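Here, each number is a calculation from the coordinates, and none is a lab measurement. Note that the structure is predicted; figures quoted are calculated from it, not measured. Reconstructed Cβ throughout: ideal geometry from the backbone, glycine too, with neighbour counts over all protein chains shown.
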């Protein structure tokens, strides 16, 4: 039975990735989960089905053997990343970037041979339209710059220490456990509070959304195969306006609230219209 290590176990995506692994692959993989605080995951429904090993990445020590520490995992799904959703903080490349690289390099140097890391669609920068993995990265905020630089660091590391390498550029997602400042979390809160009005942007942005459960499934299916490597988009491939997403969400919940469009300006760190080319993803999912 192969072992898979998942970092960021207490995070929005990590929780769903581990849940999917436990539900669909518990007889094929032993699951090692890690995060900095066991209290945040102790009550998770998957907790008793995994081997939980705590690690605070802010205290990373390059002299440790983390491959041994995690009992020699054969696959890494690296989801951990601190400081979100503050995309503009210099913290991402001043602190996150070096510590995450040191951690992954340590695992590789001691024997890890199969790595999957989640990046971001923001690595494409302000490019619009259907974004394919062949496009150049043009990160336009510190978070995206740090992620893309980590990818480049690992690409160079791979030349000296060969390993299977999959870099997943995540597009938009929604679902249980999402950051309370996200659009749909705020909408849910307004509905729960019985608010009559919901403030939002004009909503004409075109985006690419997936429920987080589907995102988790994509991540796992990408991670446990080796035929398709490199940069892989994870999205729906179906462009949709934010207005349409919000309206459909309300219909699905059988709720009504007046949408105060234009209350917030559009973000200046993302283009108006972009979505994922998922040709590469489909080559994995359809096997």
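Observations on the model:
- MRE, 222 nm, helices only [DSSP H, n ≥ 4, -39500 (n - 2.57), over the chain, to nearest 500]: -9500 deg cm²/dmol
- DSSP bridge analysis restricted to the chain gives an antiparallel fraction near 5%, rounded to the nearest 5.
- Distance (nanometres) between label positions extended 7 Å along Cα→Cβ at residue 156 and residue 238: 4.2 nm
- Contour minus Cα-Cα distance for residue 65 and residue 197 (0.36 nm per residue): 42.2 nm
- Each part gets one Cα centre, and for the stretch 152-212 versus the stretch 105-148 those centres are 15 Å apart.
- Residues of the stretch 42-68 with amide N under 16 Å of the 7 Å Cα→Cβ point at residue 26: 43-52
- Axis of helix 97-109 versus longest Cα principal axis of the chain: the two differ by about 40°, to the nearest ten degrees.
- Principal-axis tilt of helix 212-223 within the chain, Cα atoms, nearest 10 degrees: 30 degrees
- Highest average packing first - 96-109, 61-74, 212-225, Cβ atoms within 10 Å: 212-225, 96-109, 61-74
- Relative contact order (percent, whole number), the chain, Cα cutoff 8 Å, 6+ residue spacing: 19 percent
- Dividing the Cα radius of gyration of the stretch 187-287 by 2.2 N^0.38 Å, with N the residue count, gives 1.32.
- Considering only the stretch 157-287, percent of DSSP beta bridges that pair antiparallel, nearest 5: 15 percent
- The chain: angle of helix 142-160 to the longest principal axis, Cα-based, in degrees nearest 10: 30 degrees
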